[in-house]
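Q: Before anything else, here's the structure in question.
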Amino acid sequence: MCVSLNDFDSLRTAGYDVSADNVFSNIRALMGSDTTNSIADIHARRHYRKDMDMLWITRDGVSSNADTLLTFIQRVDSFGFSREKFYYSMLKEDLQRVRVLDFDSLESSRNTADKVFARLEYYLTKAFLRYTEGQRFGFMNPFQAFNRLDKRNDDTIHVSYRSLYGWNTSLPGSNYLATACSVIKGDGEKFTDFLAKSKPHNPLYNKYVAELNKTNDKAYRRLLLCNMERCRWENDGDYPQLHKKYVVVNVPALHLYAHDGDERLVMKVAVGTFKTKTPLLHSKIKRMDFNPQWIIPKSIIKTSIVHHVGDHAYFDRHNYFVRERSTGKIVEPENVTREMLLSANYSVVQWGGRGNALGRLIFRFDNDYSIYMHDTSSPGVFARTNRMVSHGCIRVEKPYDLAVFMLKDKDEALMEKIKYSMAADFSERPREYETTDDCPKRSEMVRSLKVDPQVPVYITYYTLYPDAAGNLVRHEDIYGFDGIIYENIQKYL
């Protein structure tokens, strides 16, 4: 008796047939009904729309990297998230179906081989990208959340916002997606390493995770989850603990922490009001200027100065003058107009020295906000509990101590000059340049010092932060940022 392939047709079961075309067709159907909109989900759909390249399904079934991924997803509850938000149960069940060939025989059924393989291919990619992109870059976009929060004006036609978030936080783009897809198809060791390295590197993160796994208190867990998310945004290769010498301003704590190896300097700070919040950023302190002039922001001119046009006594009392920006020429008081004060071509400036709002010292670092750390002419603010008083800049309690901290070499003569420059009864107003015995000695005063090497400065917002002993201390959420974070990450809880 001669047997041919046609004789086996009667044994064929439609539900067990697998073809690449049918798997791709089912993936397209899954994408069509998928309304999730996280960056990771958008990236997953982008990959399959582009070229329908299989990442997990091979000629031998499903890549062993799928099991590794499930092992990592199984542990997401350790950092407060739900496994089911990463499709854990569905993926585990479908992997088991493939292993024991437990498919439905009818083509119209939910668990035919084509549909199971399509689900695995699509949702493994979504789960992988949710995990790696979330852990590496954050489960929310801080730029979107905080840079469209505070309106600059009430013009409903041309609305602009104050930028409040300026960290160099990385976001996953097309290059990251290409790398991630390549890793999925790569060998198991590199795949595991990629998953492991997605975890935030900031040592604060591990501290928060340890606390999270010791408590069932809902409010405390929420606090921990919000601060863990902040650690993910700092996962860009530069965070404070990477440096020997650095300065951290933690806005909710209303404190500054300066570190240089084992040396630690702590002081109170005053920050922006709720309406003029201090933006979050990191930079490098590059210069210290003594007895600086204050170029008054246009927002203050509009609210507090413009209606004093013509009141020469007011300008004289506050040591204000008007300067043409292009030439630096000072405008005579009787020639100052309202239009000048509101124009971008003119600046209102306060003479440096005694009585200047910036105090006697300012610490300068590059940023897009014209934000600095500086002394103040009103030191009484540091006796207050609520120190939300500025237009965004940071007033420091101990400017002299911070200046000495910035010095590479603690030269006694230079330190004395700094002290004298900050204490001398000095005003740079031209009419007060006199040559009397009571006048400050210009030769003993410092005008500006370069900070070399530059000192990294981090303006952060942690509502749970270590004290000098390393114990986590809670701080009031003065700008309400925790609520915004928690609202964004709830979809993973």
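The values are calculated or read from the model by the stated rules, or taken from the named source; none is laboratory data. Keep in mind it's a predicted model, so treat the numbers as computed, not measured. Every residue, glycine as well, gets a Cβ built from its backbone with ideal geometry; the counts of neighbours run over all protein chains shown.
Q: Against the definition (charged (D, E, K, R), farther than 12 Å from Tyr458 by Cα and surrounded by 16 or more Cβ atoms within 10 Å (Cβ to Cβ)), how does Lys244 come out, yes or no?
A: no
Residue by residue, here is whether (1) without any contact (Cβ under 8 Å) to a residue 24 or more places away in the chain; (2) crowded, with 20+ Cβ neighbours inside 10 Å; (3) in a strand (DSSP E or B) holds:
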| residue | (1), (2), (3) |
| --- | --- |
| Val271 | no, yes, yes |
| Phe315 | yes, no, no |
| Gly328 | yes, no, no |
| Glu334 | yes, no, no |
| Val349 | no, no, yes |
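Q: Identify, please: which residue in segment 119-147 is farther than 17 Å from Ile27 by Cα and among the polar types (S, T, N, Q) and is, among those, surrounded by the fewest Cβ atoms within 10 Å (Cβ to Cβ)?
A: Gln144
Q: Please enumerate the residues belonging to segment 52-79 that are assigned to a helix (DSSP H, G or I) and either touching a Leu at 6+ places or on another chain (Cβ under 8 Å) or farther than 18 Å from Gly186 by Cβ (or both).
A: Ala66, Asp67, Thr68, Leu69, Leu70, Phe72, Ile73, Val76, Asp77, Ser78, Phe79
Q: Next up: Working only within segment 273-305, note down all residues that are among the basic types (Lys, Arg) and either surrounded by fewer than 19 Cβ atoms within 10 Å (Cβ to Cβ) or in a strand (DSSP E or B) (or both).
A: Answer for segment 273-305, where residues must be among the basic types (Lys, Arg) and either surrounded by fewer than 19 Cβ atoms within 10 Å (Cβ to Cβ) or in a strand (DSSP E or B) (or both): Lys275, Lys284, Lys286, Arg287, Lys298, Lys302.
Q: Could you run through segment 397-426 and say how many residues are acidic (Asp, Glu), closer than 20 Å to Lys286 by Cβ and assigned to a helix (DSSP H, G or I)?
A: Selection size over segment 397-426: 1.
Q: Out of (1) in contact with a Leu (Cβ under 8 Å, 6 or more places away or on another chain); (2) farther than 27 Å from Ile305 by Cα, what's the single condition that is false for Thr376?
A: (2)
Q: Pairs please, first residue from segment 102-118 and touching a residue at least 40 places away in the same chain (Cβ under 8 Å) and part of a loop (DSSP other than H, G, I, E, B), second anywhere and buried (at least 21 other Cβ atoms within 10 Å of the Cβ) and among the polar types (S, T, N, Q), Cβ atoms under 7 Å, 6+ apart in sequence or on different chains.
A: Phe103/Thr112; Asp104/Thr112
Q: Under the condition of being aliphatic (A, V, I, L, M) and surrounded by 18 or more Cβ atoms within 10 Å (Cβ to Cβ), which residue from segment 31-45 is nearest to the chain's Cα centre (by Cα)?
A: Here the residue is Ile39.
Q: Output the residues belonging to segment 352-388 that are among the hydrophobic types (A, V, I, L, M, F, W, C) and outside any strand (DSSP E or B).
A: If the condition is that a residue be among the hydrophobic types (A, V, I, L, M, F, W, C) and outside any strand (DSSP E or B), then Ala357, Leu358, Ile371, Val381, Phe382, Ala383 are the ones that fit.
Q: Here is a further query. Counting just the residues of segment 88-118 that are closer than 17 Å to Ser64 by Cβ, at pLDDT 95 or above and aliphatic (A, V, I, L, M), which one comes out surrounded by the most Cβ atoms within 10 Å (Cβ to Cβ)?
A: Checking each candidate, the answer is Leu91.
Q: Evaluate segment 165-175: report whether one residue or more is in contact (Cβ under 8 Å) with a residue 12 or more places away in the chain, touching a His at 6+ places or on another chain (Cβ under 8 Å) and over 28 Å from Thr273 (Cα atoms).
A: Within segment 165-175, one or more residues are in contact (Cβ under 8 Å) with a residue 12 or more places away in the chain, touching a His at 6+ places or on another chain (Cβ under 8 Å) and over 28 Å from Thr273 (Cα atoms).
Q: Of all residues in segment 198-225, which are in contact (Cβ under 8 Å) with a residue 12 or more places away in the chain and closer than 21 Å to Thr132 by Cβ?
A: Kept after step one, since they are in contact (Cβ under 8 Å) with a residue 12 or more places away in the chain, are these residues of segment 198-225: 198-205, 207-209, 211-213, 221-225.
Listed by number, the residues that qualify are Ser198, Lys199, Pro200, His201, Asn202, Pro203, Leu204, Tyr205, Tyr208, Val209, Leu212, Leu225.
Q: Does Tyr16 satisfy the condition of being loosely packed, with under 14 Cβ neighbours inside 10 Å and either at pLDDT 95 or above or under 27 Å from Ser108 (Cβ atoms) (or both)?
A: Working: loosely packed, with under 14 Cβ neighbours inside 10 Å: yes; either at pLDDT 95 or above or under 27 Å from Ser108 (Cβ atoms) (or both): yes.
Yes; evaluated as a whole, the condition is true for this residue.
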